[in-house]
Amino acid sequence: QVQLVESGGGLVQAGDSLRLTCAASGRGFSNYDMGWFRQTPGKEREFVAAINWSGGITYYADSVKGRFTISRDNAKNTVYLQMNSLRPEDTALYYCATAPYGVSRVESDFRSWGQGTHVTVSS
């Protein structure tokens, strides 16, 4: 079982950058594919990015492609989400989760959700 803690959120202006961190504890992190999702009040949780266990395969939502980069450091049990050129519509609570059945874009394929970290982008 892996426990996840997200950090790195904050209040920034449009055009700024942030790097989110998802720190994992427990066994087997390097075997898990991972993903980032985000959610705003009253809306469904939305896929942002995913990465396979080795970092060799990545998926992105069209809305963040070219601006966000997902990466991982298995030696540090950590997944990152580098967010550049932030827009007000990126404002959300960002979550990381494991994908025990293979890298995916589908929320129901993910497990072990963290508590999330808030990102607010002002215009």
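Residues that are farther than 15 Å from Asn84 by Cβ and open to solvent by 40 Å² or more (accessible area, probe 1.4 Å) were ranked within the stretch 1-25; the one that is farthest from the chain's Cα centre (by Cα) is Gln1.
The criterion of being in contact (Cβ under 8 Å) with a residue 12 or more places away in the chain and either closer than 17 Å to Leu4 by Cβ or more than 11 Å from the chain's Cα centre (by Cα) (or both) does not hold for Pro41. Collect the residues in the stretch 1-36 that are of a type in the set (D, E, K, R) and either closer than 16 Å to Ser54 by Cα or out of contact with any Gly (no Cβ under 9 Å at 6 or more places or on another chain) (or both), keeping them in residue-number order. Asp16, Arg27, Asp33, listed by residue number. Within the stretch 82-113, the only residue that satisfies the criterion of being of a type in the set (Phe, Trp, Tyr) and more than 13 Å from the chain's Cα centre (by Cα) is Tyr101.
Only one entry in Arg111, Arg45, Arg72 is among the basic types (Lys, Arg), touching a strand residue (DSSP E or B) at 6+ places or on another chain (Cβ under 7 Å) and within 26 Å of Ala14 (Cβ to Cβ), namely Arg45. Among strands (runs of 3 or more DSSP E) entirely within the stretch 26-95, having at least 1 residues that are modelled with pLDDT of 95 or more and open to solvent by less than 20 Å² (accessible area, probe 1.4 Å) singles out 33-39, 46-51, 68-73, 78-83. Selection of the stretch 101-113 for residues being open to solvent by less than 60 Å² (accessible area, probe 1.4 Å) and within 14 Å of Leu4 (Cα to Cα) yields Phe110, Ser112.
The values are calculated or read from the model by the stated rules, or taken from the named source; none is laboratory data. Treat the numbers as computed from the prediction; the structure is a model and nothing was measured. Glycine also receives a Cβ, built like all others from the backbone with ideal geometry; neighbour counts cover every protein chain displayed. These area figures cover heavy atoms from the full protein model, side chains too; ligands, DNA and RNA do not enter into them. Shrake-Rupley method; radii C 1.70, N 1.55, O 1.52, S 1.80 Å.
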